[in-house]
1. Which net charge results for the neighbourhood of residue A:94, defined as the other residues with beta-carbon distances under 14 angstrom from its beta-carbon, given Lys and Arg at +1 and Asp and Glu at -1?
2. By how many degrees, 0 to 90 and rounded to 10, does the Cα axis of helix A:206-219 deviate from the longest principal axis of chain A?
3. At R0 = 22 Å, how high is the FRET efficiency between residue A:114 and residue B:121 if r is their beta carbon distance? Nearest 0.05 is fine.
4. Considering only A:112, A:95, A:83, give the residue with the highest GNM mean-square fluctuation for chain A, with springs between Cα atoms whenever their separation is below 10 Å.
5. What range in chain A is the longest one free of GluC sites (Glu not before Pro) that are in a loop by DSSP and have at most 11 other Cβ atoms within 10 angstrom?
6. Given the rule -39500 (n - 2.57) for each run of at least 4 DSSP H residues, summed and divided by the residues of chain A, what is its mean residue ellipticity at 222 nm, to the nearest 500 deg cm²/dmol?
7. Who wins for biggest fluctuation among A:60, A:224, A:199 in a Gaussian network model of chain A, springs between alpha carbons below 10 Å?
8. Given charges of +1 on the Cβ of Lys and Arg and -1 on the Cβ of Asp and Glu, with all other atoms neutral, how large is the dipole of region B:172-267 about its Cα centre, in debye to the nearest 20?
Amino acid sequence: MIISSIKLILIIAVHFWTAIFLYGFDIMCTYQKGTIELINGNLTGEDAISTISEHSEVTYGQILASGPNSRGEFMFTNENLFRLGTSSVANWKNRNELWLHSGSVLFCLPNRSELSVSSQISSASFTGTGTFIVESTQNGGFKFIPLEAKGILTTPKGGRKEVVGGRMILVLGAPSYFGDAYDIDLLLLLKSSRLLNAYPKHLPTMRNILLSLYVQDIKLKGKYDALIGDATSDNNLQIWKFGEKNNNKL
Amino acid sequence: MKNLLTSVLACSLTAGLFAQVSPGNRQNATDASINNFKAEAPKSNPGKKSSTGNSIASDTGAQRPILLKKSGFSAYINYDSKFYYNSNPLASSGSLKQQATGVWDNTFSSIFGIGVFELGNSVVTPFVGGSWTSTDHSEKVLEGLNRNSTNAFLLFLSNYGNGWSSKVGLNYSNVRYTETDTEEYMDTNPYVSLRYSHFINDKTSGAAELSIGTRNSKSDDLFGISDKVLDRNEVSLNYSLSYDMGEITLSPSYTLLYKKYSESVNDGRKDFLSNLALRADYNLNDSLVLYLNASYNNQDSSGSQLADLGNYDYKSWNGGLGLGLRARF
């Protein structure tokens with residue numbers, strides 16, 4: 001009787017700790033630079049704010065806020081990961097829903113996933129696999145910048161759009177709709193993006209990103225002497241022209 | 001053909017990631033969709049957080065609009081003119097320098113990509129193309145060897161995105177002497193190859209390529225025995241480096257080629273050809289490149305039934321200067 005009880009206790013303990021190990025956290029920080037703070041909405045005062053370091057665990061509902069020149073990488077239990085850019089504020093409401101207040105994040109979804117992204121005003125849902133950057137814009141919407149993807153992006157008012165690697169889509173307004181889409185230079189983006197280059201490990205989808213770059217290079221017809229900036233309103237996207245006469249502006 | 005495809009691959013997959021940013025090198029911003037937006041100078045928004053900021057590097061990265069073709073059709077037109085010294089143009093056995101001469105090659109070539117197909121974890125691109133080369137020797141005694149060479153090819157290039165790529169192709173080659181206007185040599189060459197590209201550091205990339213093919217030939221029947229004496233199977237292994245020195249790109253390479261002949265008096269003949277080459281490219285502008293190249297060849301041959309008439313061992317070296325014109329559509 002006593003032995004059976006001990007066995008039962010041991011079995012329960014093993015299952016308990018296994019459950020804790022596998023499901024005790026929602027998101028784990030795998031890389032951190034600078035200061036990233038975690039804000040727990042259930043607490044008040046100083047207790048609500050803690051600082052994240054590598055291997056820190058984040059549960060859904062907590063707000064992540066990175067300082068200047070700070071960034072972090074976070075892993076989900078299903079091997080999806082996301083990177084938080086500098087001066088960014090984001091909140092994972094649940095495994096499939098991220099709210100981005102400001103700044104930028106990179107999503108790497110090697111497994112088929114459903115993900116809803118919302119900003120101060122706008123929202124869109126992605127279904128599929130892919131690697132993409134979401135950057136908040138001044139107008140309360142965001143830029144959806146796929147580096148490689150096989151999937152569909154949906155907005156409440158704009159319907160569905162097939163996602164193509166290197167084709168940036170603006171998500172605007174509420175209820176949200178699609179703004180203009182632009183094919184952008186993936187090679188330049190890969191070279192200049194800190195969300196890609198300022199981390200110690202390559203993304204697991206790097207192979208797909210390079211294939212996307214290869215396809216774009218074959219189809220390339222020309223490059224504009226311009227850089228896309230912020231969307232200050234739904235009708236105004238900054239385009240900074242450059243060239244020999246304007247090089248001093250860059 | 002090989003150089004262009006290599007550069008496209010290298011640019012797309014690997015080397016290009018570390019190349020210098022050269023904005024404005026293709027096309028000015030003229031498209032209506034761009035001009036429809038109000039342009040704002042960066043100085044007017046110095047405090048913005050979420051855009052690309054005042055420098056190229058940012059969290060998101062620079063977002064430069066580009067124009068893509070709706071189809072995967074692409075075309076490359078090249079012209080190359082090079083003058084070089086050849087220490088042993090007849091590939092005769094013995095010393096390194098025999099009948100040394102200057103050689104002037106002029107090559108027109110074109111390559112057409114006829115689509116881009118994503119298949120699982122790879123991208124397949126079919127290419128067709130051809131080239132025409134005239135070769136002239138500066139030594140009068142060798143003028144009889146002045147020739148025109150024609151090449152046509154079909155190639156399926158598969159890219160796997162992790163540095164690996166493969167090719168399945170069919171080449172057709174034809175050589176005619178200009179003095180007599182007679183066909184000296186012709187072959188068809190089906191082949192497969194596997195290539196792996198990798199980075200050594202930010203400025204240096206390397207590539208290894210294994211190629212296997214067969215050549216079905218037709219050549220002058222010197223002994224009245226067979227015009228297929230040059231039929232052979234070939235295996236080659238090449239390793240090349242590309243070192244970006246800024247304005248100059250340095251490319252050393254080594255190739256080991258094994259040839260096994262199978263017909264007539266050449267049945268059982270085996271050749272091992274080693275080629276060590278060095279090339280330096282200097283881009284004068286986006287479409288004009290000046291290059292220097294030098295190479296050393298050493299062939300060891302055995303098994304020929306004509307060994308009594310001489311063997312096929314030879315050594316030679318080439319070195320010279322070339323100018324290439326590249327256009328892409």
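Throughout, read-outs are computed from the coordinates displayed, never taken from laboratory work. Since we're looking at a predicted model, the values are computed, not measured. Counting neighbours? That spans all protein chains shown, and the Cβs are built from the backbone with ideal geometry, glycine included.
1. Details: positive: A:93, A:95; negative: A:26, A:97, A:114.
For residues surrounding residue A:94, the net value is -1.
2. On a 0 to 90 degree scale, this one is about 20.
3. Numbers: r = 23 Å, r/R0 = 1.03.
It comes to 0.45.
4. Greatest mean-square fluctuation among the candidates belongs to A:112.
5. Details: sites that count: A:79, A:244.
So the longest stretch without any such site is A:80-243.
6. -6000 deg cm²/dmol
7. Ranking A:60, A:224, A:199 by mean-square fluctuation puts A:224 first.
8. Numbers: 9 positive and 16 negative charges, 95 e Å.
It comes to approximately 460 debye.
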